[in-house]
Structure formats: C-alpha cells, structure tokens
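J.: Would you mind keeping the following structure in view while I ask a few things?
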C-alpha cells in the first residue's frame, strides 16, 4: 500500500481556521501512564488537527498541564479520582463534542474504567479511534462490540488482537484472518499493528509498506492513534484515515530511523518526522 493508494488529503481551505480543521479529544491516562495520551496529542497536532484537547483523570491534571504540547488544551473532571469513571465520562460528555475521539491511550485496566468505556460508547456520538487499554476493556466486556461501527477505528497490536480473537472466538491464526473476523463482528475498521501493518475495512484488506523494526517502542502506537484521529477530524473517512495514517506513521518512522538508527528510535522521533512524511505524501498525490 503506497502513498498514492488512498488519494490526496482533503484540501486545507485558504480561509481555514482551527475549527474547520477539526478537534481531536484524547481520553486516557492513569497512574503511571500519563505519557500515552500526551504522545497521542503530539501525533494529532503534527497531523493537522485544528485543536487537540487532552482529557485525563483529576489526579493527573497538573502533570498533563505541565507536560502537554503547548498548542494543546487539557481537561479533567472535578472528582479527585485517579482513574476514569462513569461520573467522569458524564462530565466530559457535557463539553462540546469533538470531531473525533481518541480513546484509550494509557487508560489503565481498573474495572471502573470498563464501566466508563461502556457508558462512553453508548453516548459518544461521532467517530472514534480506540486504542491500547480500551481494547483490553473491549475484550473484558465483548458486549461493547455491538456499540461499534464503521465510524470507529480499532488499533490492536498482535497481543491485543489475539485476546479479542480468543474472547470473540475468531477463526484463523494469521493477522489478516483475525482482523477480517473482528471487522465482521464489530463493523469497525481494524488496524492490526506490526510489521506490514494490516488495515481491514469495508473495501478489503490493505497491507502497509512503510515502517521498520525500530518502531517497536513504547508510545509508537499512541502516536499512530493521534495521527488517525487527526485525519478523521480534518475530513478523511475512517477507513481512508486508517490507511493513510498507517502509511504516514510508518514513513515518519523510516525517516526517524535514518536520523537516529533503529536501536535508538523512540516515539518522539516519529512525531518529529511526521512533517516530512506529510510532505512526501502530498508530493506523491
């Protein structure tokens, strides 16, 4: 899957403003995992979202405010909690709806967060990228699969995909087969991360041709979730955003590897190279 297989980006209007370029709401964070939603925010900002809001539990509010990108906004509930709860999600849903949600980065695995995710899915409205611990919660309560659809992008790595496959009794062992089965049951777009990332949607199976082994590093998937969320927010259909996002993320990783090598590559290096990846994609379209 090359850069020319999903068409050009939706054009940025000459009179564009931050509202016309969409808002990404990143929801995640828990004790010990405060960096994940911030990396997603970095990925979304570098992918052209007009506004990015990082929502974390109250106990992480000061950390998020201090460490978030300067260009991002932050939000926390007033409940003094350290994990996401139904009450916290209720408060979040009272704020203006985003153009796209990025849900799950660093969410943690507390049972209260399973309930919170269930409530969020029932009431979210609008497209979403579901990543990381949110996929763990999805496997813990597979009834939530019925709340998904083609406006949702799931981004499991192989371990998360295997857990969902076991719970949902999916047939096969190859990533492609399991991803097809997950897509059929949930109706969502599936981005099965790993070497030759596979994207499965209504148009079929697409294998990505960018990326390298140095990208097997903490936070890389959080950056990808932010990239895909931003592409949806600015106008791509979810399946196109998933395919384009996988290519851009992988290409940024390749450029980062050229700079620092595969052994020293970290997620922040991928963020730093997204601009060049976007430039290459634009020139090839």
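We did not get these values from a lab; they are worked out from the coordinates using the rules stated. Small disclaimer: the values here were computed from a predicted structure and weren't measured. Note: ideal-geometry Cβ built from the backbone for every residue, glycine included; neighbour counts use all protein chains shown.
J.: Output needed for region 1-111: three equivalent-ellipsoid semi-axes, defined as square roots of 5 times the C-alpha gyration tensor eigenvalues, in descending order, whole Å.
T.: The three semi-axes for region 1-111 are 28, 15, 13 Å.
J.: Determine the calculated [θ] at 222 nm for the chain from helices alone, applying -39500 (n - 2.57) to every DSSP H run no shorter than 4 residues and normalising by the residue count; nearest 500 deg cm²/dmol.
T.: Value at 222 nm, helices only, nearest 500: -14000 deg cm²/dmol.
J.: Grab the Cα-Cα distance for residue 97 and residue 111, subtract it from 0.36 nm times how many residues apart they are, and report the gain in nm with one decimal.
T.: Answer, rounded to one decimal: 2.5 nm.
J.: How would you rank 219-230, 252-263, highest first, on the average number of other Cβ atoms within 10 Å across their residues?
T.: Result, highest mean first: 219-230, 252-263.
J.: Fewest Cβ neighbours within 10 Å first, please rank 193, 18, 68 accordingly.
T.: Ascending number of Cβ neighbours within 10 Å: 18, 68, 193.
J.: Here's something else I'd like to know. Using a 10 Å cut-off on Cβ atoms, rank the peptides 42-55, 146-159 from the highest mean neighbour count down.
T.: 42-55, 146-159
J.: Among 113, 62, what is the fewest-to-most ranking by other Cβ atoms within 10 Å?
T.: By the 10 Å Cβ count, ascending, the order reads 62, 113.
J.: With springs only between Cα atoms under 10 Å, which of 81, 22, 250 fluctuates most in a Gaussian network model of the chain?
T.: Of 81, 22, 250, the most mobile in the Gaussian network model is 81.
J.: Give me the Kirkwood hydrodynamic radius of region 178-284, using the inverse of the mean 1/r over all pairs of distinct Cα atoms, in Å to one decimal.
T.: 13.9 Å is the Kirkwood radius here.
J.: With contacts defined as alpha carbon pairs under 8 Å and 6 or more residues apart, what's the relative contact order of region 53-206 in percent?
T.: Contact order relative to length: 15 percent.
J.: Related question: Under 8 Å for C-alpha pairs, at least 6 residues apart: give me the relative contact order for region 23-284, rounded to a whole percent.
T.: Value for region 23-284: 20 percent.
J.: Let me ask something else. Enter the per residue convex hull volume of region 23-284, computed from alpha-carbon coordinates, in Å³ rounded to the nearest integer.
T.: With only Cα atoms used, region 23-284 gives 111 Å³ per residue.
J.: When 15, 272, 236 are ordered from fewest to most other Cβ atoms inside 10 Å of their Cβ, what list results?
T.: With the sparsest Cβ surroundings first, the list reads 15, 272, 236.
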